Each structure stands twice: as C-alpha cells, then as structure tokens.
1. Charges at C-beta only: +1 for Lys and Arg, -1 for Asp and Glu. How large is the resulting dipole of the chain about its Cα centre, in Debye rounded to 20?
2. How much FRET efficiency would the formula 1/(1 + (r/R0)^6) give for residue 69 and residue 24, where r is the Cβ-Cβ distance and R0 is 30 Å, rounded to 0.05?
3. Can you give me the three principal axis dimensions of segment 7-76 from its C-alpha atoms, in Å, biggest first?
4. At 222 nm, what value in deg cm²/dmol follows for the chain if DSSP H runs of at least 4 each add -39500 (n - 2.57) and the sum is divided by all its residues, to the nearest 500?
5. Residue separation times 0.36 nm, minus the C-alpha to C-alpha distance between residue 51 and residue 32: what's the value?
6. Roughly what would the spin-label model give for residue 40 and residue 12, points 7 Å off Cα along C-beta, in nm?
Amino acid sequence: MERGIVSSLIIDDENERRYDFNTTPHPHFKCLRCGRVLDLHLPITLCAQEMIEGHRVFECHLHLKGICRECLAATMNP
C-alpha cells in the first residue's frame, strides 16, 4: 500500500533503487564518480501541472548526472 511517506528513485538501473523522504517534486543529481544521489533545490514548475498540452501527467522525474562538488574539489586539491 502506498502512503506517500517516501518516494522510490530509479536513476540508472532497475537494480539500483533509492528512497527519498522528500515526496514533493524536485530534481536529483547523481555523481558519476562517487555514486551519491543528491536532492537539488530547483523549482520544477512543469511538474506542478496536472495537464500538459492535453496530456494528463501522473509523475515527473528529473535526474541530472555529473560530478559532485566534493569529487571536483578532491581532484583539484589532491
């Protein structure tokens, strides 16, 4: 039974499932070096809409991938 307590995230692989306590629509960032998944605090106004161009939207996912600031700092300051 779904109660909306946590949301399930699948970013790359069906076998790699993560859980997020923040159930409001927001983007996630995955570091390709360390593998951490971070919440990003960016407005996603598109996800707040129920209808887009006549289509009914039930879910909205935005996943960004790159290198996190900690990994970048580690490569700049060995």
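1. Once rounded to the nearest 20, the dipole reads 300 debye.
2. Calculated value: 0.80.
3. 47, 26, 21
4. -2500 deg cm²/dmol
5. 3.5 nm
6. Simple spin-label model gives 1.7 nm for this pair.
We did not get these values from a lab; they are worked out from the coordinates using the rules stated. Since the model is a prediction, treat every value here as computed from it, not as a measurement. Don't worry about glycine lacking a Cβ; one is built from the backbone with ideal geometry, like all the others, and counts go over all protein chains shown.
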